[in-house]
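One structure is given below, encoded as structure tokens.
What follows draws every value from the coordinates through simple rules; no lab data is involved. Everything numeric here is computed off the predicted structure, so don't read it as measured data. Reconstructed Cβ throughout: ideal geometry from the backbone, glycine too, with neighbour counts over all protein chains shown.
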């Protein structure tokens, strides 16, 4: 049984049969959705276990590795696949109680999104990567407009314009890469990228940076995100902030380190661009988040700033910084989804969208508010939780590599985050009346929030579950020769 | 306002000049290139896949997985448009044409069907294929809708039937791909899995390629006519 291909075509098949199931087997509709996402999660865990022992390759159509399209799974891909599957499962549980209109189309889009994200992470082919990136983008545009009100349409339109232009940049870079090397196979590119002349290579790399950067909201290409993420339904905002932008980040990171190796990047000073764009992204995100009145907009700007941390971690190009960055990707996916899902409960059940109107929520929905508070404290980066560890790793790596200002910016960013998240927490636990009536909330809405926050605590207390595996994951990024050897042994 | 326009125009020109300057000497750099992959496709494609049309061979055999992704893009596009266009407040445009139009359209529709399915079934032998054939089939529905209109009461049923057909096409593509796995090889395996490739140039040849073409054709035809049906409604 090969997990890699089933992780892509399984969700696709479910997506294509949902309409028929909705028409003829309505009774078991929910069961099919839940069980297929559980199955996806189990498959992803089993893939992760296998990949830790030995990276896998799969040739579609049984062609030779150089002739067709391949799927490649290394530990990094495995770890991201598990994150995608876990979040997908939790968000589907949440959506069962949350989404009321256009249910069939919603789940179809969600399953296609999962399949395409898995494809994006697992693919070993540059053009296939582009196809998956475009599917993910188009599904996200649709999901942003899902509420069908004016705000959602405007946000979605903005997202389409910037996302499509970004997509063209990526396509142009892929065309140039093929033109220069004659191959699209990522593993072959590891070897052949040395044929590309220096000018052309820097052109390709900057095209990739602009293209993918506009998709993962690198400042100043971030303008769509603060509109798009709040306009979507909460479950979708969680997914978009949690994994979709991380998926683009992964795709960019993979292509960058396949086209050029760390020493080349340092020689051409590209690492400075990465680190300082990270610093700018971080500061801009935090400062703008500080000014927000609406809770979901605040969370969206906070997502932008977290991209900055990850960029600093990646920009150091050391094992420690890189694994810190990837650890941050996973941690932020868990935390930000928890925050968005909790914010969705607040806005749907209690009609509290502004921070001001959150007053007293801590007494109306004690459990969810506690979850939100823990997640917010985690995101600030206070010690017993997981984000503290990843921020610490990134800051240490930055200092070791000689970047003092970025390390200071990480500290400054944490203080800024403290200031605006404390504002929210304070509102939640302000008592205006003596007795608040506890509002009954569906268990399907509560479970994902609680699971995600408790995962933050578990990973924070025992980071060694993940950290050694991250070290293993980074190896294939920093030494792209080893990625080559997955496909072509010897 | 005008300053802004001039400014952005200037910016675009500047970017264009930069692009030209950067890309100008690209052609000189690629003498040392090895296009072994495309040469392999040209030299070995027909033996490998028994499909005379090399574009189809690459599209549905060597890189069939990309095609699955591209078909999914159209599938999502149709889904999104039917999601975003509102159902309740709409009616179809209805025009009165001269009898000549009705007669002519009725006359050419069967030929269009034949042409569309010819493009699909001969996709591996001559220019065409699932995507092109699907578009031709979709134009039949477009023509019929424009000239004869659709009865409003039946519109929902028609749309549902088309959506089911579209889903069937997509699922069929994946299931044909799964046949390769059932026979012990990888997803979308064709010749490798020992399917009957036949003789290059015959109608029944090239293994699963014609079937994949058929599924894509059904899917594209249904998708495009769904898109048309959804967009043609006039909001009152």
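Both numbers refer to the Cα atoms of segment A:1-130; Rg and Dmax are 15.4, 47 Å. Against the compact-protein benchmark of 2.2 N^0.38 Å, the Cα-based radius of gyration of segment A:213-291 scales to 1.25.
Distance between the pseudo-spin-label points of residue B:2 and residue B:157 (7 Å out from Cα toward the beta carbon): 6.1 nm.
Peptides B:35-41, A:188-194, ordered by how many other C-beta atoms sit within 10 Å of their residues on average, highest first, read A:188-194, B:35-41. Taking packing as the residue-averaged number of other Cβ atoms within 10 angstrom, the listed peptides A:322-330, B:46-54 run from highest to lowest as A:322-330, B:46-54. When only Cα pairs below 8 angstrom with a gap of at least 6 residues are kept, segment A:3-487 shows a relative contact order of 16 percent. Treating r as the C-beta distance of residue A:151 and residue A:64 and R0 as 56 Å, the FRET efficiency rounds to 0.65.
Note on residue A:462 and residue A:39: the extension gain reaches 149.6 nm, defined as 0.36 nm multiplied by sequence separation minus the Cα-Cα distance. Helix A:75-98: angle to the longest alpha-carbon principal axis of chain A, degrees 0 to 90, nearest 10? Helix A:75-98 sits roughly 30 degrees off the main axis of chain A.
Computed from Cα positions, the angle between helix A:366-380 and the longest principal axis of chain A comes to roughly 40 degrees. Going by the alpha-carbon gyration tensor, a ≥ b ≥ c the square roots of its eigenvalues, is the protein assembly as shown rounded (a/c under 1.5) or, if a/c is not under 1.5, prolate (a/b greater than b/c) versus oblate? Oblate, since a/c reaches 1.5 and b/c is not below a/b. Taking each residue as 0.36 nm, the span from residue A:426 to residue A:443 lengthens on full extension beyond its C-alpha to C-alpha distance by 3.6 nm.
Segment A:381-426 and segment A:1-27 have their alpha-carbon centroids 42 Å apart. Comparing Cα centroids, segment A:87-133 and segment B:42-59 end up 33 angstrom apart. Shape class for chain B: oblate, because the ratio a/c of the largest to smallest gyration tensor axis (alpha-carbon atoms, square roots of eigenvalues) is 1.5 or more and b/c is at least a/b.
Please state the shape class of segment A:70-204: rounded when a/c is under 1.5, otherwise prolate if a/b exceeds b/c and oblate if not, all from the C-alpha gyration tensor. Verdict is oblate for segment A:70-204. Peptide A:69-78 has a mean of 1 when you count, residue by residue, the C-beta atoms of other protein chains within 10 Å of its C-beta.
The per residue volume of the convex hull around the alpha-carbon atoms of segment A:55-96 is 80 Å³. Each residue in A:132, A:45 was given a count of other beta-carbon atoms within 10 angstrom of its own, and listing them fewest first yields A:45, A:132. If you average the alpha carbon positions of segment A:222-286 and of segment B:184-236, how far apart do those two centres end up, in angstrom? Each part reduced to its Cα centre gives a spacing of 37 Å.
Residues of A:4-16, mean number of Cβ from any other protein chain within 10 Å of their own Cβ, rounded to a whole number? Average neighbour count from other chains, rounded to a whole number: 5. The mean sequence distance of close C-alpha pairs (under 8 Å, at least 6 residues apart), as a share of the length of segment B:45-235, puts its relative contact order at 36 percent. If you wrap the Cα atoms of segment A:126-274 in a convex hull and average its projected area over all directions, you get 8.3 nm².
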